[in-house]
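Scroll down for the structure; my scribbles are underneath it.
The values are calculated or read from the model by the stated rules, or taken from the named source; none is laboratory data. Just so it is clear, the structure is predicted and the values come from calculations on it, not from any experiment. So basically every Cβ, Gly included, is an ideal-geometry build from the backbone, and we count neighbours across all protein chains shown.
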Amino acid sequence: MTKKPVIAIDGFSSTGKSSISKIIAKKLGLIHMDTGALYRGITYFALQHCLNEEQLLDIPKLIANLTKIQLEFQNVDGELKLFLNGKNIDREIRFPQVSDYVSQVAKEAAVRQFLLATQRDIAKKGGIIMDGRDIGTVVLPDADYKFFMTASQDERARRRFLELEQAGEKTDIETVKQNLMNRDKIDSEREVAPLKQAYDAILIDNTSINKEETIELILSYIKKF
Ligand code: C5P
C-alpha cells in the first residue's frame, strides 16, 4: 500500500471547505484539520483579553500575549473540537463577532508565524487533509494534492446565512454578505500569505453544484492509495 496523501484545500469563505474536507477525511481515513478554527481561536482570546478602552482590538497586546495561548483539538464524541487553554470554545469561535475580527488578526505576521509550526507538525506524519487560505501556497507547498475552492458571492452568502440561521443566530443576508466580502478582501490583499490559488492547485467552482457533487469531483482527482 502506498503512503496516505497530504491534501491542501484552500479557498474563499463559505465555499464549504471545512465540511467537505471533514467528509473526505472520513471517506479516505485521513485526519482533518480546519486551520480557520485556529485563527478564530486566537481572535476569541483577543476579544476577551486584548480590547482597548474604545473596545477595539489591541494588536500589540495580543502579540505580547501569544505565548499565553494554548490551542489544541480534542476528540469529543468522535469529532475534533477546539480547546483554548483547556476550555472547549468550538461554539464560541463561530460567533459573528469573531467572524468580524478574524481577518484583522490573521493578517498579522506574528500570529501566522505562531500557528505555522502547529500546522506543519500535525501534517508531518502524512494522511491529512488541511483546509484554509494558505495551505497549498505556504503551510504545505509540497502537498500531494491541492484544491482551490470558489463560488459566487451570492451563493456563498446564502449558504452562510442558512448555516447561521440553523445555529439560532439572528442576522440578515446583507450583513452576512458584507462580512464575507470584507474578509475575502483583507485575506486576499494582506502582505503575508495572502489568499490565492497555488499555481499547481485544481480550481473547484461549486456555485452550481451541491456538497455531494463537490465531494465526488474532488475525489475523482485523488488516486487510490
Ligand atoms: O475558514 P474560516 O472562514 O473559518 O477562517 C476564518 C479566517 O481565518 C479567514 O477569513 C482568514 O482571515 C483566516 N485564515 C487564514 N489562513 C488560514 C485559515 C484561515 O488567514 N489558513
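Worth pointing out:
- For the stretch 3-47, a residue qualifies if it is of a type in the set (A, V, I, L, M) and closer than 23 Å to Lys185 by Cβ, and the qualifying residues are Ala8, Ile9, Ala37, Leu38, Ile42, Ala46, Leu47.
- Residue count for the stretch 18-59, restricted to those that are in contact with a strand residue (DSSP E or B) (Cβ under 7 Å, 6 or more places away or on another chain) and farther than 16 Å from Leu80 by Cα: 7
- Among (1) within 10 Å of the ligand (Cβ to nearest atom); (2) touching a Cys at 6+ places or on another chain (Cβ under 7 Å), the one test that Gln119 misses: (2)
- Just one of (1) in contact (Cβ under 8 Å) with a residue 40 or more places away in the chain; (2) surrounded by fewer than 17 Cβ atoms within 10 Å (Cβ to Cβ); (3) in a helix (DSSP H, G or I) fails for Lys3. It is (3).
- Test: residue in the stretch 7-30 that is touching a Cys at 6+ places or on another chain (Cβ under 8 Å) and either modelled with pLDDT under 95 or not in a strand (DSSP E or B) (or both): no
- Every test in (1) under 24 Å from Val6 (Cβ atoms); (2) among the β-branched types (Val, Ile, Thr); (3) buried (at least 19 other Cβ atoms within 10 Å of the Cβ) is passed by Thr150 save one, and that test is (3).
- From the options Met149, Met181, residue that is closer than 15 Å to Gly36 by Cβ and more than 10 Å from the ligand (Cβ to nearest atom): Met149
- When we screen Leu164, Leu195 for residues that are assigned to a helix (DSSP H, G or I), out of contact with any Cys (no Cβ under 8 Å at 6 or more places or on another chain) and not small (Gly, Ala, Ser), the only hit is Leu164.
- Residue within the stretch 136-145 that is aromatic (Phe, Trp, Tyr), under 23 Å from Asn210 (Cα atoms) and in contact (Cβ under 8 Å) with a residue 40 or more places away in the chain present: yes
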